[in-house]
Structure formats: structure tokens, C-alpha cells
1. Mind telling me which of the residues W291, W296 ends up being assigned by TED's automatic domain parsing to the domain that holds A49, crowded, with 18+ Cβ neighbours inside 10 Å and aromatic (F, W, Y)?
2. Out of curiosity, is H269 assigned to a loop (DSSP other than H, G, I, E, B) and assigned by TED's automatic domain parsing to the domain that holds A298?
3. Do we find a residue being at pLDDT 95 or above, buried (at least 18 other Cβ atoms within 10 Å of the Cβ) and at positive phi anywhere in the stretch 395-418?
4. How many residues, within the stretch 334-368, are touching a Lys or Arg at 6+ places or on another chain (Cβ under 9 Å) and surrounded by 16 or more Cβ atoms within 10 Å (Cβ to Cβ)?
5. Within the stretch 273-288, identify whether any single residue is in a loop (DSSP other than H, G, I, E, B), among the hydroxyl-bearing types (S, T, Y), touching a Lys or Arg at 6+ places or on another chain (Cβ under 9 Å) and at pLDDT 95 or above, and answer yes or no.
6. Out of (1) touching a residue at least 24 places away in the same chain (Cβ under 8 Å); (2) part of a helix (DSSP H, G or I), the odd one out for P424 is which?
7. Given the options T224, T208, name the one that is free of Cβ contacts under 8 Å to residues at least 12 places away in the same chain and in contact with a Lys or Arg (Cβ under 8 Å, 6 or more places away or on another chain).
8. Need at least 1 residues that are closer than 24 Å to A387 by Cβ per element, so show me which helices (runs of 4 or more DSSP H) inside the stretch 102-211 make the cut, counting only ones lying wholly within it.
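The values are calculated or read from the model by the stated rules, or taken from the named source; none is laboratory data. Quantities reported herein were computed from a predicted structural model and do not represent experimental measurements. Please note: Cβ atoms are built from the backbone with ideal geometry, for glycine as well, and neighbour counts cover all protein chains shown.
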Amino acid sequence: MVEPRVIAIVGGALSGPTAALKAREIDRTARIVILEQGAAVRYAVGGLAYSVSREVADLTAANRRQAQLVERVHHIEVRTRVRVERIDAESRQLVLDKERLRYDRLIFAAGAESIVPDVAGLETARNVFRFRTPADLKGISAALDRGARRVVILGGGYFGVEAADGFLRRKCRVTIVEREPRLLSRHSETIAAMAAEALQGAGATVLTGAAPASVMREGSQVTTVVLADGRRLKADLVVIAAGLRPRTDLLRAAGARLLPDGTVPIDEHAATSLPGVFACGVCVSVPHAPWGRPIWFAQAAMADKTAQVAGICAAGGDARLGAVLGTAILRAGDTTIARTGVTSTDAGPDAAVLHVTAPSHDEFFPGSEPIAIELTYQRSTGRVLGAELAGRAGVDKRIDVFATAVAGGLTVEQLAALDLAYAPPYSAVRDPVNVAGNAATTR
């Protein structure tokens, strides 16, 4: 009798269980084991801000239902509070706390951890939380229920802005502290400034070029965050969103190839340099279209895509990653910020950047709002390379059109000629996408 294939998965937040479910679709008899060092699996990291704002009623219950689905319906072993000590790639074994687990295929989905500023007394305080896990959400919710309202957020990247938006909707007094000269450093200065203005308009204080130097405590609680320039920020709650660090030490120790930022590069099948070892989630770097250079996108949509490919291939199927563009969207107060592909912050010498503004729909129909568009394209060929958008309405569907254009290799001429849906409540006769393409064509 042939022994069933053993697929071990290190990490159970989002991408690990997703990979397990895809593997089960391919191999109905495999023994699939998820090993998670935390207390919960298959939780929605991207939903934390919406739970804080109370737009999502009960994220905990939804997470619990998803975890039960993995175990009871798909017969996948889930082992929580388990620490993997070492990967023995040569013998294909995982060294755990008190045992070894043999595997035929390994999927590494350990994710990333929050970078905590090196400030004495910060990490040990009881009212300081990362913004990553259900445990973080539980602590934050309890603090808000007790009356915490002054929130200091350390970090102004995607997680920091997302957190700020959630707390503002909860009527908190929010201060964002960002080391860089602007929020959202992967976005252009123009688009990042629009995000900052929107957050300030919603009531937030945005401090850029600033960093925490020390904290003042009363017992186990931080009461004041002291900045390097001496400014003091009163705080009932401190949220750490100062960036992420990939959890890849196990792969490094096992001899896997890693990039300087600590991420593990994967090929189109989500395979690593180690035999029989795949990787997915927010610890991997993927080839970035259209240039093909490996790049790290620590976001849920990319984690899901890499997890699907890893799960299928680990189970013996055949799947390939599609064009990876780093498409992302974010809410900042009343403004939506989005990007895809190559933007003005990483454009090459043959790239041109065009700035246009167009109405989200016909201006005579109520609710029309301007959409700011930065279109990046190749000078020599007219090929669309990427775009950034900001506006109060209509950004979401336009960024997906731009992403499709980049993936499909469309030119600005083809972008101008796209036949897109029109009715006054939804668009203008010449859609903002057409406007951008036409402006680039006639430039």
C-alpha cells in the first residue's frame, strides 16, 4: 500500500490554510498538517481596522468558522502553539519542540513580524499593541471599551494608515508618527500628500520626519510618547505599525537562498531553492511585472495568490503565478488611495509619468468627485507600466482596469480606446481611464 503524501505547512495565519485547502483539492488522501506557533489559524489580518471601526460586527466569530472549516470539512490537521525549531532539508523533517515530523513537501508560510522601535519600556507596556493578530485586536478592543481615546500610531505605511482610518471612525484622537518625510513611501509625493490631507481632514494629527525616543509610564501603562525632537504625545493606547520583518530565520538556517531584505525568492511555481520546499505569503518576494525584478509586497491579496500556487504544486499539481503588479488599495478618511505596477517612485529612464484629473462620473449627476491619476508608461513603446490614483469615489474600479492594462501589455493608445461602461451615475462618456490614455497619446 502506498503511503499518503505528507504535506507540512509552517504558519497558519492566512496563506498557510489557503495553501492547505488548495493542496486538498489536488490530493484527497494526503496527510496535510498545519503548524502554527500562535493560538489561532486562518484569521483575517486585513480585517482588523474594520473591526476597530465596528464596520465588521464580529471578526472573531468569522475567523473561528474559517478555522473549523479547515479541520472538520477538509480533514486537515491543525496544531496550534507548536514551535518549529529547525528544518532538516536533507532528511525532509521538521524538528519540533518534542518530536520530529517527516514531510514529502513543505510549504513555508510563517509570514512576517512587526518591527518594534527600540524604545525602552515600549514593548512591555500593557496598552501597546501590534496590529497583526486576533490577540492584538482583543487587547485593543478591550482598551477602547475601557475608554481609551488618545491613540498614537507608530508608522505611516499601509498598516499605519489603515489603523488610523479605523480608529478615526471610532471617534478616537489619532496621532500618526512616521520616520520618513511622508506617509506611504511607496507612493508618489502627490498621492501620499492627498492621503495625509484626508486623514488630517478626518481629525488625525500627522507627524512625518518624526520618531519616538522614549516613553513615560504609570505602572504598566504608557501615558506619554516622547519624540526625538522633544515633543510629547499623550496616549491611552499605542499601536505599533512601523513596518514588517519577514520570518525566514528557519529557511536561512536550512540553507535556503534569501534576499538582502530577508525575504525568500520564489519561482513561478512558488518553489524555493530547497528541494521539496515551497513558500508563500508575506515572507516571499516575487518577480515584479513588467520588469521581472523580485520585489516584496506584504499584502493579503499577494499572500493569497502565492498560497494557491504553493498548495497546488506541493500536492503534485501544476500552477503558475500570474503577472505580479503589487496592486493595492487603501482607505484614508474620505479618500481612497490605490496603485498598480511601476509608479513614479520606481520608474526607469525610459518611463514617462503623466498627471491628469478626471471626474468619477458625469459632473451633472450628484456625487461626482475628481480622481487624481498618475499614469506611468514607456516612452519608446507607449506600453502602460503602472498607475496611482486618489479620490473620494470611483478609484476602486479604475485601479483594476489599469492593473488589467499593465498585465495585458496594453499601450496608452489602446487605453484611450478601451470601450468602458457608461451611464451618468457611474462614469463619464470618456472614462477617467480613457482620459489618461488619451492625454498620454497626445502629449
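1. Values: W291 fails: crowded, with 18+ Cβ neighbours inside 10 Å.
Answer to the check: W296.
2. On the way: assigned to a loop (DSSP other than H, G, I, E, B): yes; assigned by TED's automatic domain parsing to the domain that holds A298: yes.
Against the criterion (assigned to a loop (DSSP other than H, G, I, E, B) and assigned by TED's automatic domain parsing to the domain that holds A298), H269 qualifies.
3. Checked the stretch 395-418: no residue is at pLDDT 95 or above, buried (at least 18 other Cβ atoms within 10 Å of the Cβ) and at positive phi.
4. 13
5. Within the stretch 273-288 (the criterion being in a loop (DSSP other than H, G, I, E, B), among the hydroxyl-bearing types (S, T, Y), touching a Lys or Arg at 6+ places or on another chain (Cβ under 9 Å) and at pLDDT 95 or above), the answer is yes, since at least one residue qualifies.
6. (2)
7. Numbers: T208 fails: free of Cβ contacts under 8 Å to residues at least 12 places away in the same chain.
Of the residues listed, the single one that is free of Cβ contacts under 8 Å to residues at least 12 places away in the same chain and in contact with a Lys or Arg (Cβ under 8 Å, 6 or more places away or on another chain) is T224.
8. Values: elements: 134-145, 158-169, 189-201.
Output list reads 158-169, 189-201.
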